[in-house]
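Q: I have a structure here, written as structure tokens, and I will follow up with some questions on it.
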Amino acid sequence: MKKSSNRKIKEAIIFLSICIVVFGLLASRMGMANMMNTIMRTAHDLLLNTVFYLMGITVLTGALSKLFAEFGVVSLLEKILRPLMKPLYNLPGVAALGGVMTFLSDNPAIIALSKDKSFSSYFKKYQLVSLTNFGTAFGMGFVVIISMIGYGQNYLSAAIVGLVGAIAGSVVSTRLMQRFTLKAFPEMDSPVMPNISQTAEQQEEVVEQEHKDGIFLRTLNAMLDGGKTGVELGLAIIPGVIIITTMVLLITNEAPVGGYDGGIAQGVPILPWLADKIHWVFEWLFGFNNMEFIAFPMTALGSVGAALGLVSSFAKEGILNANAVAVFTAIGMCWSGYLSTHAAMLDSLGYRKLISKAILAHTFGGLFAGIFAHFLYLLITVIF
């Protein structure tokens, strides 16, 4: 009991020391009043001009994705993608459904599928746990792509390049996860459920039975239900966008021309200063011509919604370019807040022991996605 009490005291002292050092350094440059005003005004601006914008997108994409599911577009995409699953990902064909669902919604969608016995019965145990990496690589993909396109008229092709990069990263992440899992736990090379009691065709017949309502009513219900899901997703990204983006901007941006005055999105450029020490790495791997861009992948680790808020700031500053959009799309989709969701996802599947391996595999996958998108974009610009 005494050891536990002492540990809590030490943690409190360490935490307070870090807070005093970090905010003390920022306040010494900005001024305490200016720093506090900047934090509050930036948070308020992000809520009004970024969160509600992203929420509008999630509501629309939520409605559209529900319509896709209602009228068989998701099933059609799953059938088209099914032949690619085994050679690319070493997964059963039905896994394509998980990629489509997370692309249209968010990472946790893969968990609902994984817990469905009629779905998981197609997998071996090591394949099932790799679904967390596979599904996460496409999380909020639809929202990310639509957001990127909205930042400029010429960014559609760049966003598509980013999508290809995310797919490449997902292959690396999923394959690595399977390799790590089998190496550590060879016994997981066995079926989740040896006997498949329900075929995919039988499942489709059940779905058909549920579609007895008229087209108008089905359309209306799908749009409203999907829109509600979009609202929930929009609400879920509020803490990440406001908290993480505010803090990242605080250590990324510079003082305005006239000096600090407590205005929106001011800060001390600590992150760019650190990145500039190894700028050649980011320039060569990702093609970043501005070290402020490094804030995007770091933020995407925790929340891709917050990272999209940074892209809005880059666009306002006039520093955003097509290569950055391609890399941001690839990394944003592939990482999409995996540090904040992977642990919970694997824990819910009952494989907490594999969390570190999943995170390591996905780290490599996200980096590869960004690198692949950059060099693919360079190749396309040379050819065309």
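Q: Can you tell me the orientation of helix 125-136 relative to the chain, as the angle in degrees between its alpha-carbon axis and the longest Cα principal axis, to the nearest 10?
A: In the chain, helix 125-136 runs at an angle near 50 degrees to the longest axis.
Q: Now a separate question. Roughly how tilted is helix 304-317, in degrees to the nearest 10 and between 0 and 90, from the longest Cα axis of the chain?
A: 50 degrees
Q: Against the longest alpha carbon principal axis of the chain, how many degrees, from 0 to 90 and to the nearest 10, is the axis of helix 52-70 turned?
A: That works out to roughly 10 degrees.
Q: How much mean residue ellipticity at 222 nm does the chain get from its helices, if each DSSP H run of length 4 or more adds -39500 (n - 2.57) and you divide by all residues, to the nearest 500 deg cm²/dmol?
A: -23500 deg cm²/dmol
Q: While we're here: Just one of [x] 25.0; [y] 27.8; [z] 23.2 is mean projected area of the Cα convex hull in nm² calculated from these coordinates, so which is it?
A: Computed from the coordinates, mean projected area of the Cα convex hull in nm² corresponds to [z].
Q: All other residues with a Cβ under 15 Å from the Cβ of residue 172 taken together, and with Lys, Arg as +1 and Asp, Glu as -1, what is their net charge?
A: +3
Q: For each of 245, 229, count neighbouring Cβ atoms within 10 Å of the residue's Cβ, then give the residues from fewest to most.
A: 229, 245
Bear in mind these aren't lab numbers, they're just calculated from the coordinates by the rules spelled out. Values in this document were obtained by computation on a predicted structure and should not be read as measured data. Cβ atoms come from the backbone with ideal geometry, glycine included; neighbour counts cover every protein chain shown.
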